[in-house]
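The values are calculated or read from the model by the stated rules, or taken from the named source; none is laboratory data. Every value quoted in this text rests on a predicted model; they were computed, and no experiment measured them. Cβ atoms come from the backbone with ideal geometry, glycine included; neighbour counts cover every protein chain shown.
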Amino acid sequence: MTLLSIEDLKVHFPVRTGRFGGAKGLVKAVDGVSLSLAERETLAVVGESGCGKSTTGNAVLGLAPVTAGRILFEGRDMARFDEAERKAAWREMQVVFQDPVSALNPRQSIARSIAEPLVIHGHPSAEIPGRVDELMELVGLNPDQRNRRPGALSGGQRQRVVIARALALSPKLVICDEPVSALDVSIQSQILNLLMRLQEELGLAYLFIAHDLSVVRHIADRVAVMYLGIVVEEGPASKVFGDPQHPYTEALLSAIPVPDPALKGRRQRIRLEGDLPSPLDPPPGCPFVTRCPIAEPACREARPALVDVDEGHRVRCRVRAPEGAANS
Amino acid sequence: MTLLSVSDLTIEAGPPGDRLRLVDGVSLSVKAGETVALVGESGSGKSLTALSILGLLGEGLTPTAGRILFDGRDLATLAPEELRRLRGADLAMIFQEPVSSLNPLVTVGDQVAESLIVHGRASGAEARERAVEMLKRVGIPEPARRARQLPTELSGGMCQRVMIAAALISRPRLLIADEPTTALDVTIQAQILDLLAELGAEAGTAILLITHDMGVVAETADRVCVMYGGRVVEEAAAVPLFAAPRHPYTGMLLRTIPRLDQPPKRALYSIAGNVPSPRDWPEGCRFRTRCTRADAACTALPPLDAAGEGDRRAACFHPLEGPQ
Ligand SMILES: Nc1ncnc2c1ncn2[C@@H]1O[C@H](COP(=O)(O)OP(=O)(O)OP(=O)(O)O)[C@@H](O)[C@H]1O
Ligand SMILES: Nc1ncnc2c1ncn2[C@@H]1O[C@H](COP(=O)(O)OP(=O)(O)OP(=O)(O)O)[C@@H](O)[C@H]1O
Ligand code: SF4
Ligand code: SF4
Ligand SMILES: [Mg+2]
Ligand SMILES: [Mg+2]
């Protein structure tokens with residue numbers, strides 16, 4: 001069943017651009033994104049810094065203003081929720097951010113941090129300590145450490161605290177925004193294993209925002225590749241990684257360093273020229289046109305449509321997935 | 001020819017009497033033209049080692065032992081003026097944070113030209129011209145216009161390339177690059193790594209590359225030094241190190257990296273326990289608390305050549321044997 005669907009979401013931020021804050025501009029951080037996430041599924045959102053991954057997640061959480069489009073949770077438009085319904089929906093969706101240090105109050109014991117959502121949502125106070133112990137055990141923390149401050153924990157342990165807190169209200173959806181990027185490599189795999197185990201045991205769905213593609217390959221069922229505020233390719237992880245169609249996805253995958261020195265210098269890498277264009281001044285037509293190795297003049301004319309190339313695999317490129325050629 | 005040799009470097013923090021050891025007897029060397037990767041857990045002492053080579057350790061940090069030879073000269077015996085001349089000419093560094101290590105008030109062109117002017121290698125006008133050329137080499141579009149801009153007007157990826165241009169313009173013999181691509185996206189990272197390799201080969205620059213990304217190591221390094229808990233625990237050429245690590249930490253580190261060719265959705269290999277902070281280093285082998293091979297012998301500190309063979313070294317009493 002579809003748990004979350006995002007329909008043609010736009011999030012535009014007005015910004016001042018001139019050196020003295022004069023000129024006004026519009027950052028189209030998210031500019032027409034549609035995604036859906038089923039129960040118990042992991043949808044990963046990948047793409048370069050600034051392409052709008054976090055803003056998409058934040059819009060779902062009500063932390064970024066929705067300029068246009070709809071967000072449906074369990075089939076119902078969140079914009080039409082009354083206060084009580086919104087509160088109920090927010091119990092069902094929780095978030096784990098990148099930085100476990102700033103996510104926790106340094107002066108509070110970790111037990112209090114984990115209990116916070118329970119208190120806010122009026123959980124009977126007699127049951128809270130038991131539930132906190134249960135949550136600590138669930139994420140692999142020793143309940144004996146409940147009175148510690150975050151400062152006395154390692155980075156990996158702090159991220160476990162953040163995850164325990166996110167699970168306190170038994171959500172169905174957890175938005176993970178770069179949950180392991182701030183952690184040391186040797187700790188990353190512990191946390192990824194924890195997230196996979198919890199998904200299995202609790203039936204969680206993850207919207208998993210990340211830029212480490214090897215991590216995404218490991219954990220995702222489906223992958224959406226974003227570029228400058230739009231989705232350029234989306235599909236089952238096996239398809240997007242095994243048979244990428246969009247030239248940006250190809251470049252992204254070919255740029256992943258492979259941990260095998262025997263292959264050094266023997267891999268063909270697609271070399272992109274130039275930087276991600278400024279979201280304040282995106283190129284007309286296809287946003288990838290300024291760096292695309294196979295661009296044609298017509299690519300500057302209109303934004304290509306997201307075209308189905310295979311079961312659940314969609315690509316936005318007028319050369320690789322021309323309109324009208326769907327499913328042919 | 002050995003260009004840089006660091007032996008028994010020890011760095012401590014705090015006032016005398018209440019000192020905390022952060023780097024404990026590190027030895028490593030870089031030959032002319034070679035790329036050596038320095039890898040290891042967060043907090044293992046990589047950045048401090050690099051900073052002390054340049055004589056740039058922050059306040060409160062003291063090198064209490066060891067010797068650093070650059071081109072056969074003991075850096076500790078150089079006058080501050082000589083050391084300054086060496087830095088920026090023969091020895092250059094790219095820092096972890098590009099944006100904060102550039103001066104926000106000086107145009108990027110002037111910052112790139114600076115080392116040429118300071119070291120009297122070119123006049124102002126000529127240096128500026130060469131800076132624009134260098135900005136072009138590092139892949140900055142419209143370099144003449146960009147040269148007149150301030151760092152704040154450039155993206156993070158471009159600032160990183162400005163740092164590289166500034167470091168390489170004087171054709172240093174050794175470049176120390178501390179996580180030069182960590183803040184960058186993979187497509188930009190690929191450009192920068194290609195560029196370092198290209199410019200390195202062209203000018204014969206040796207590179208000491210600090211990174212935690214084993215993929216980056218595999219794609220760039222000739223040799224690898226692995227640090228754990230303030231010590232070098234293994235040193236070997238890249239190919240044998242990846243194929244047959246000897247130190248258990250190196251072996252585990254290599255196994256924890258998620259690989260694209262691995263079956264998805266299965267539990268990943270992980271190293272149990274946490275990275276101990278310098279205050280909590282165990283007695284003896286620092287990896288003892290997380291090592292599956294530890295026994296009573298490991299309560300003594302294994303020397304780096306405890307498991308040596310040819311030009312490989314590992315600090316372990318029970319090293320791994322054969323391909324892992
Ligand atoms: N509150 C805001 N006001 C103005 N611009 C914003 C705001 N939040 C985000 N942006 C801009 O929107 C764009 C998308 O930002 P977002 O944080 O969603 O990117 P991201 O894909 O998560 O990047 P990263 O990988 O760096 O986290 C960026 O250009 C960013 O500067
Ligand atoms: N000025 C200082 N005073 C006290 N301790 C310090 C100081 N600078 C660094 N340290 C500590 O020294 C140890 C080594 O730090 P260093 O920055 O060299 O680590 P690193 O290996 O570069 O780690 P990372 O991968 O996180 O960059 C760390 O435990 C760090 O907290
Ligand atoms: S539409 Fe054109 S510019 Fe865009 S990705 Fe396809 S070929 Fe490249
Ligand atoms: S010396 Fe002992 S504890 Fe240390 S790495 Fe080797 S086996 Fe493990
Ligand atoms: Mg983000
Ligand atoms: Mg460092």
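Conditions (1) within 12 Å of ligand 1 (Cβ to nearest atom); (2) touching a Cys at 6+ places or on another chain (Cβ under 8 Å); (3) hydrophobic (A, V, I, L, M, F, W, C), marked per residue:
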residue	(1), (2), (3)
A:Glu7	no, no, no
A:Val30	yes, no, yes
A:Ser34	no, no, no
A:Val45	yes, no, yes
A:Gly57	yes, no, no
A:Pro65	yes, no, no
A:Arg86	no, no, no
A:Val96	no, yes, yes
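Note on segment A:260-290: residues that are touching a residue at least 40 places away in the same chain (Cβ under 8 Å) and facing another protein chain (nearest Cβ under 9 Å) amount to 1.
Of all residues in segment B:27-55, those satisfying the criterion of being more than 7 Å from ligand 2 (Cβ to nearest atom), in contact (Cβ under 8 Å) with a residue 24 or more places away in the chain and of a type in the set (A, V, I, L, M, F, W, C) are B:Leu28, B:Val30, B:Ala32, B:Val36, B:Ala37, B:Leu38, B:Val39, B:Ala50, B:Ile53, B:Leu54. Just to verify a result, which residue in segment B:250-292, among those that are in contact (Cβ under 8 Å) with a residue 24 or more places away in the chain and loosely packed, with under 15 Cβ neighbours inside 10 Å, is farthest from ligand 5 (Cβ to nearest atom)? Within segment B:250-292, the match that is farthest from ligand 5 (Cβ to nearest atom) is B:Thr292. Within segment B:11-28, restricting attention to residues that are among the small types (Gly, Ala, Ser) and surrounded by fewer than 17 Cβ atoms within 10 Å (Cβ to Cβ), the residue that is nearest to the other protein chains (Cβ to nearest Cβ) is B:Gly14. Only one entry in A:Leu204, A:Leu192 is under 16 Å from the mean Cα position of the chain (by Cα) and in contact (Cβ under 8 Å) with a residue 60 or more places away in the chain, namely A:Leu204. Would you check if there is a residue in segment A:165-176 being of a type in the set (Val, Ile, Thr) and away from every other protein chain (no Cβ under 14 Å)? So far as segment A:165-176 goes, yes, one or more of its residues are of a type in the set (Val, Ile, Thr) and away from every other protein chain (no Cβ under 14 Å).
Step by step: first the residues of segment B:34-70, then only those that are more than 13 Å from ligand 6 (Cβ to nearest atom), away from chain A (no Cβ under 14 Å) and small (Gly, Ala, Ser), then the one that is farthest from B:Leu3 (Cα to Cα). Which residue is that? By that ranking, first place goes to B:Gly60.
In segment A:236-259, the qualifying residues are those that are within 9 Å of chain B (Cβ to nearest Cβ) and among the β-branched types (Val, Ile, Thr), and the one that is nearest to the chain's Cα centre (by Cα) is A:Ile256.
Yes/no per residue for (1) within 12 Å of another protein chain (Cβ to nearest Cβ); (2) in contact with a helix residue (DSSP H, G or I) (Cβ under 7 Å, 6 or more places away or on another chain):
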site	(1), (2)
A:Ala103	no, yes
A:Ala111	no, yes
A:Ala115	no, yes
A:Pro150	no, yes
A:Ser154	yes, no
A:Gln159	yes, yes
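Here B:Glu126 meets the list (1) outside any loop (DSSP other than H, G, I, E, B); (2) at pLDDT below 90 almost entirely, failing just condition (2).
For segment A:22-40, the criterion of a residue being surrounded by fewer than 20 Cβ atoms within 10 Å (Cβ to Cβ), modelled with pLDDT of 90 or more, within 14 Å of chain B (Cβ to nearest Cβ) and more than 16 Å from ligand 4 (Cβ to nearest atom) is satisfied by at least one position. Here B:Arg313 fulfils each of the conditions (1) in a loop (DSSP other than H, G, I, E, B); (2) touching an Asp or Glu at 6+ places or on another chain (Cβ under 8 Å) apart from (1).
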